[in-house]
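The values are calculated or read from the model by the stated rules, or taken from the named source; none is laboratory data. Since this is a predicted model, take the numbers as computed values, not measurements. Here the Cβ is made from the backbone with ideal geometry for all residues, glycine too, and neighbour counts use every protein chain on show.
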Amino acid sequence: MCGFGRKWLPEQRWSARFGERRLQKCWRSDLMTAARHFPLYGSKFSTNFRTQLSKFKLSYSTSLFPPSLRHVFSETPKTAAAISVRSEENENAAVQNAKHTITNKARTMARLINTKPWSTRLEYCLSTLTPLSQTAFFQSLRLIKKSSKALRFFNWARDSGLTNNHHSYFMMLEILGRARNLNRARNFLYSIPMKSNYTVPLTDKFFNSLIRSYGDAGLFQESLKVFKDMKSMGVLPSAVTFNSLFLILLKRGRTGMVFELYDEMLRTYGVKPDLYTFNILIKGFCMNSKVDEAFRMFKEMERFDCKPDLVTYNTIVDGLCRAGKVKIAHNVVNGMLKKSEHLRPNVVSYTTLIRGYCGKLEIDEALAVFRKMVSSGIKPNEITFNTIIKGLCESQKFDMIKEILGEYQCEDGEFVPDTCTFNTMMNDHCSRENLDEALRFFEKMKELNVLRDSATYSVLIRTLCQKGNFYKAEELLDELFDQEILLHDDSCTPLAAAYNPIFEHLCTNGKTKKAERVFRQLMKRGIQDPLAYETLIFGHCKEGTFKDGYKLLVLMLRRDLVPNVEIYESLIDGLLQKQEPILAHDTLLRTFRSSYLPRTSMFHRILMALIEKGSVHESENLILLMLDREIRPNINLSTDVVRLLFRSSMETKAFQLVKSLYGNGYIVNMEKLISFLCQDKKLSEACELVIFCLKNDQNIDVALCNTVLTSLCKALKVAKAFNLYYELFEKGFQLPLSCLEELSNALESEGKLKEAEFVAKRMRNS
C-alpha cells in the first residue's frame with residue numbers, strides 16, 4: 001500500500017524528496033483529462049514536461065512512524081536516546097566535514113586506491129603523499145569505493161604513523177557495516193583495543209553500530225550474539241542499544257523476545273526507557289498486529305513520566321487503521337486537539353486516517369476527512385493526493401480524481417504526479433488486466449524523467465509472468481539488476497515475494513544464477529523471503545550446482561528461516577552424487593537443528609561416503625549422533641568407522657566408540673577388526689579387543705585368539721601375551737600346545753619363571 005503499508009501496493013514507499021523530481025506542473029491538467037480511462041496523450045506530455053521544479057529541502061524526523069511520512073515533521077523527539085542515536089550515526093560525518101572542500105591529496109589517494117589493486121607499489125605511491133592529516137585521512141576513507149580497500153588503507157595509514165582515535169575507528173566500522181562486510185566488521189571491532197594500543201576502549205557506541213549493521217542485513221540472531229558479547233566483555237548497554245534491538249526484533253516479528261529484553265533493560269541494567277523507546281515499541285507492536293500490546297506500552301509511558309508526542313499518537317492511529325479499527329482511530333484524531341495544542345493533528349494524522357478508510361473502500365468517509373483537513377488549514381501533500389488517487393481507483397470513481405485535483409492545492413503548490421502516482425495507476429491497470437496501458441505508463445515515465453523504482457518494475461514483472469510473457473519480464477528484470485535499482489536506499493523497500501514468479505520461471509529453465517544475482521541484491525537490503533530461498537535452492541539442485549544451493553541454505557538458516565525437509569533431502573542427495581560427503585554431513589546436522597529427522601538410510605549413505613573419503617572426525621561424530629538419537633547403525637559401517645579410527649592412530653576414541661556401540665546394544669565385526677589390527681601390527685590394540693570380547697561374553701574364534709597370542713610372543717610383548725592367556729584360561733578356552741609352548745618359552749626367555757611354570761603346568765594337564 002503506497003506510503004502506509006503493503007495492502008495496496010506492497011513495495012511502494014512514498015518518497016517526499018521533491019527536489020529530486022523532474023516533473024512538470026502541466027502534467028496535472030493532463031492527469032485530470034486522463035482520469036476517466038487513463039489514456040496517455042503523448043503530444044501534451046512531450047511538449048509540456050520541460051520545466052524543472054525548483055528544489056527545496058524538508059526537515060526529516062527520526063520518528064519511527066511509517067518511514068514515508070518522516071518528512072512532515074520538522075522537529076524530532078527531544079530525548080537522550082534519540083539524540084544519542086543521531087550522534088552515533090553522524091559523529092564520523094562531523095569529522096569528515098571538518099573541512100568542507102575535499103583536499104587534492106584525498107582525491108589523489110582515493111583515485112589511486114579505487115583504480116589499482118592493492119600492492120607494495122601502491123603503498124609506495126601513497127607514501128609519497130605523506131604526511132597525512134586527519135582531514136585528508138577521513139576524506140580519503142570516505143571516497144574509497146570498496147570496504148576491503150578502505151580497511152587496507154586504514155591499516156596502512158596506522159602503520160605509517162597516523163594516530164587513529166575513536167572517531168576513525170568508528171568510521172571504519174560503519175563503512176564495513178554499510179558494505180555488509182560483517183565478518184570483517186566483527187573482527188575489526190574486537191581488535192580495536194589491541195590495534196589502538198588500548199588507547200581506544202570499546203564502548204557501547206561501537207557495539208551499537210555492529211548490532212544495527214547485522215539487523216539491517218536481516219541477521220537478528222547475529223545482533224543478539226553481539227549484544228551477548230558486549231555484556232560478557234563488561235560493556236554496559238545503553239538506551240540506544242536496547243532501542244536498536246527493539247527495532248530489529250520487532251521488524252522480524254519477535255514480540256516475545258522484545259518483552260524479555262524490555263524486562264532485562266529495566267531490571268538488570270536499570271536503563272530508563274524514553275519517548276524514543278516507546279515510539280519504537282508502539283509502532284513495532286502495531287506493525288505486528290498487536291494493538292493491545294501497543295496500548296499497554298502507551299499506558300506504560302505514564303509510569304516513567306514520559307508524555308506522548310504527536311508521533312506517538314500518529315503511530316497509535318496508524319496501528320488502529322492497520323487493525324481495521326478506523327472509527328476508533330478517527331475518534332483518537334478528534335480527541336488529540338483536546339489534550340494539548342502540541343497534539344494538533346497534522347497532515348500525517350489525516351493522511352493516515354484517509355488511508356484507513358480507503359483501505360476499507362469507504363471512499364466517502366475518506367473524502368470527508370480530506371475536506372475536513374483542508375478546512376482546518378492543513379494543506380494535503382503528495383502522499384495525501386496519491387492516497388486519495390489510489391482509493392478512487394480502487395473504488396472505480398475515476399471522475400472524482402479530476403474533481404479533487406482541480407479543487408484542491410498541494411501544500412507546496414499544484415500537485416505534481418510522481419513515481420508513486422505512476423505506480424498507482426500502473427497497478428490499477430494491471431489489476432484490471434490492462435497490461436498494455438500499464439506498459440505505456442512505464443515508457444512514459446522514462447520519457448518524462450520520472451524515477452522508476454523497484455515497485456514500478458515488480459508490478460509489471462509480476463503481471464507479465466501471470467500473462468505468460470516471461471520474455472518481457474526477464475528483460476525488465478535484467479534492467480532492474482543492471483541499474484542496481486534494488487540497492488538504492490532512497491528507493492522504496494522491495495518485497496521479494498513480488499519477484500517469486502520470475503524466480504520460479506528462471507529456475508525452471510536453467511537460469512538459477514540469474515535469479516540468484518537479483519535475489520542477492522534483495523538480500524543486501526535486508527529483505528527475507530523463505531519461498532525465494534527454496535525456489536533458488538531447488539533450481540540449483542535441478543542444475544546440478546549443489547554447492548551453490550548449500551551456500552544459500554547456510555544464508556537462509558543464518559537468517560533464522562527454516563526450509564522444508566525436501567530442501568535438505570535434495571541437497572544431501574546431490575552433494576553425495578558430487579562426492580561432497582562433508583557438506584552432506586553438515587547439511588544433515590542442520591536438518592536436525594531444524595527439528596527434522598531424516599531417514600535411517602540417509603545416515604547410512606552419508607556415513608559410507610565419509611568412510612570412503614577417510615573423513616575420520618565426521619564419521620565418528622555421525623555414528624555418535626546416531627547412537628544419541630537411537631538410530632540403528634549398520635554393523636559393517638560401525639566396524640569400518642572403528643577401523644578408520646585405529647588407522648588414524650586414534651585408539652582411545654576407537655575403544656570409546658566400541659564401548660558406546662556395545663553399551664547401546666549394537667555390535668561390530670570383531671574378527672574383522674582384530675584381523676586388521678594384527679595385519680597392521682597393532683597387537684596391543686588387538687589384545688585389548690580380545691579381552692573386551694571375553695569380558696562381555698562375546699563369541700570369538702579360538703584360532704584368532706591363537707593368532708593374537710602368538711603374534712604378541714613374537715613381538716616380545718610377553719606380559720600382554722600372558723595376560724591374554726590367563727583371560728582365555730579363565731573362560732575355558734583350550735589353545736593348541738604349540739601356542740602354549742611358544743608362550744612358555746617366551747616367558748622363560750624374559751625371566752618370568754612363575755608365569756612360565758603356570759603355563760607348563762596347564763600344558764601337562766591338558
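In the set (1) surrounded by fewer than 19 Cβ atoms within 10 Å (Cβ to Cβ); (2) closer than 25 Å to residue 466 by Cα, residue 547 fails one condition alone, (2). For the range 565-582, the criterion of being in contact (Cβ under 8 Å) with a residue 60 or more places away in the chain, outside any helix (DSSP H, G or I) and of a type outside the set (Lys, Arg) is satisfied by no residue at all.
From the set of residues in the range 131-143 that are surrounded by fewer than 20 Cβ atoms within 10 Å (Cβ to Cβ) and over 12 Å from residue 108 (Cβ atoms), which is nearest to the chain's Cα centre (by Cα)? So, considering only residues that are surrounded by fewer than 20 Cβ atoms within 10 Å (Cβ to Cβ) and over 12 Å from residue 108 (Cβ atoms), the one nearest to the chain's Cα centre (by Cα) is 142.
Within the range 292-343, if we keep just the residues that are over 37 Å from the mean Cα position of the chain (by Cα) and touching a residue at least 12 places away in the same chain (Cβ under 8 Å), the residue that is surrounded by the fewest Cβ atoms within 10 Å (Cβ to Cβ) turns out to be 342.
With a requirement of 1 or more residues that are modelled with pLDDT under 90 and in contact with a Gly (Cβ under 6 Å, 6 or more places away or on another chain), the helices (runs of 4 or more DSSP H) lying completely within the range 288-365 that satisfy it span 291-303.
Taking the range 655-680 as the search range and keeping residues that are outside any helix (DSSP H, G or I) and touching a residue at least 24 places away in the same chain (Cβ under 8 Å), which one is surrounded by the most Cβ atoms within 10 Å (Cβ to Cβ)? Looking at residues that are outside any helix (DSSP H, G or I) and touching a residue at least 24 places away in the same chain (Cβ under 8 Å), I get 668. Checked against the criterion of being loosely packed, with under 15 Cβ neighbours inside 10 Å and either within 24 Å of residue 532 (Cα to Cα) or of a type in the set (A, V, I, L, M) (or both), the candidates 566, 630 yield just one match: 566.
In the set 116, 146, only one residue is farther than 25 Å from residue 237 by Cβ, basic (Lys, Arg) and free of Cβ contacts under 8 Å to residues at least 24 places away in the same chain; that residue is 116.
Here is the figure for the range 371-390: residues that are in a helix (DSSP H, G or I) and touching a residue at least 24 places away in the same chain (Cβ under 8 Å) total 11. If you take the residues of the range 423-473 that are assigned to a helix (DSSP H, G or I) and among the basic types (Lys, Arg), which of them is surrounded by the fewest Cβ atoms within 10 Å (Cβ to Cβ)? Only one residue tops the list, namely 446.
Which one is farthest from residue 451 (Cα to Cα) among residues in the range 404-422 that are modelled with pLDDT of 75 or more and in a loop (DSSP other than H, G, I, E, B)? Filtering the range 404-422 for residues that are modelled with pLDDT of 75 or more and in a loop (DSSP other than H, G, I, E, B), the one farthest from residue 451 (Cα to Cα) comes out as 415. May I ask you to list the residues in the range 701-713 that are surrounded by fewer than 21 Cβ atoms within 10 Å (Cβ to Cβ) and in contact (Cβ under 8 Å) with a residue 12 or more places away in the chain? 701, 702, 704, 706, 707, 710, 711, listed by residue number. When the range 169-181 is filtered for residues that are in contact (Cβ under 8 Å) with a residue 40 or more places away in the chain and part of a helix (DSSP H, G or I), the ones remaining, listed by number, are 170, 171, 174. Determine which member of the set 582, 567 is within 22 Å of residue 621 (Cα to Cα) and either β-branched (Val, Ile, Thr) or touching a Cys at 6+ places or on another chain (Cβ under 9 Å) (or both). From the options 582, 567, the qualifying one is 582. Residue-level check: of (1) buried (at least 19 other Cβ atoms within 10 Å of the Cβ); (2) within 27 Å of residue 717 (Cβ to Cβ); (3) of a type in the set (Ser, Thr, Tyr), residue 638 misses just (2). Say whether the condition of being modelled with pLDDT under 85, part of a loop (DSSP other than H, G, I, E, B) and under 17 Å from residue 373 (Cα atoms) is met by at least one residue in the range 391-400. No: the range 391-400 contains no residue that is modelled with pLDDT under 85, part of a loop (DSSP other than H, G, I, E, B) and under 17 Å from residue 373 (Cα atoms). Among the residues of the range 197-234, the ones that are farther than 23 Å from residue 268 by Cβ and either in contact (Cβ under 8 Å) with a residue 40 or more places away in the chain or polar (S, T, N, Q) (or both) come to 7 in all. So, residue 645, is that one in contact (Cβ under 8 Å) with a residue 24 or more places away in the chain, in contact with a Lys or Arg (Cβ under 9 Å, 6 or more places away or on another chain), under 24 Å from residue 692 (Cα atoms) and part of a helix (DSSP H, G or I) or not? For residue 645, the condition - in contact (Cβ under 8 Å) with a residue 24 or more places away in the chain, in contact with a Lys or Arg (Cβ under 9 Å, 6 or more places away or on another chain), under 24 Å from residue 692 (Cα atoms) and part of a helix (DSSP H, G or I) - is met. Checked across the range 182-196, the condition of being touching a residue at least 12 places away in the same chain (Cβ under 8 Å), outside any helix (DSSP H, G or I) and of a type in the set (A, V, I, L, M, F, W, C) holds for no residue. Among residues of the range 524-538 being out of contact with any Gly (no Cβ under 6 Å at 6 or more places or on another chain), among the hydrophobic types (A, V, I, L, M, F, W, C) and more than 16 Å from residue 477 (Cβ to Cβ), the one that is surrounded by the most Cβ atoms within 10 Å (Cβ to Cβ) is 538. Summed over the range 518-552, residues that are closer than 19 Å to residue 218 by Cα and either among the small types (Gly, Ala, Ser) or part of a loop (DSSP other than H, G, I, E, B) (or both) total 6. Please find, among 639, 587, 600, 652, the residue that is without any contact (Cβ under 8 Å) to a residue 40 or more places away in the chain, within 30 Å of residue 215 (Cα to Cα) and of a type in the set (Val, Ile, Thr). Residue meeting the stated conditions: 587.
What about residue 493, is it in contact with a Lys or Arg (Cβ under 7 Å, 6 or more places away or on another chain), of a type in the set (Val, Ile, Thr) and either over 21 Å from residue 429 (Cα atoms) or at pLDDT 95 or above (or both)? Here the answer is yes, as residue 493 does meet what is asked. Of note, residue 212 satisfies the criterion of being touching a helix residue (DSSP H, G or I) at 6+ places or on another chain (Cβ under 7 Å), assigned to a helix (DSSP H, G or I) and crowded, with 21+ Cβ neighbours inside 10 Å. Considering the range 248-282, and only residues there that are part of a loop (DSSP other than H, G, I, E, B) and of a type outside the set (D, E, K, R), the residue that is modelled with the lowest pLDDT turns out to be 253.
Quick check on residue 728: is it hydrophobic (A, V, I, L, M, F, W, C), modelled with pLDDT of 85 or more and surrounded by fewer than 14 Cβ atoms within 10 Å (Cβ to Cβ)? Against the criterion (hydrophobic (A, V, I, L, M, F, W, C), modelled with pLDDT of 85 or more and surrounded by fewer than 14 Cβ atoms within 10 Å (Cβ to Cβ)), residue 728 does not qualify.
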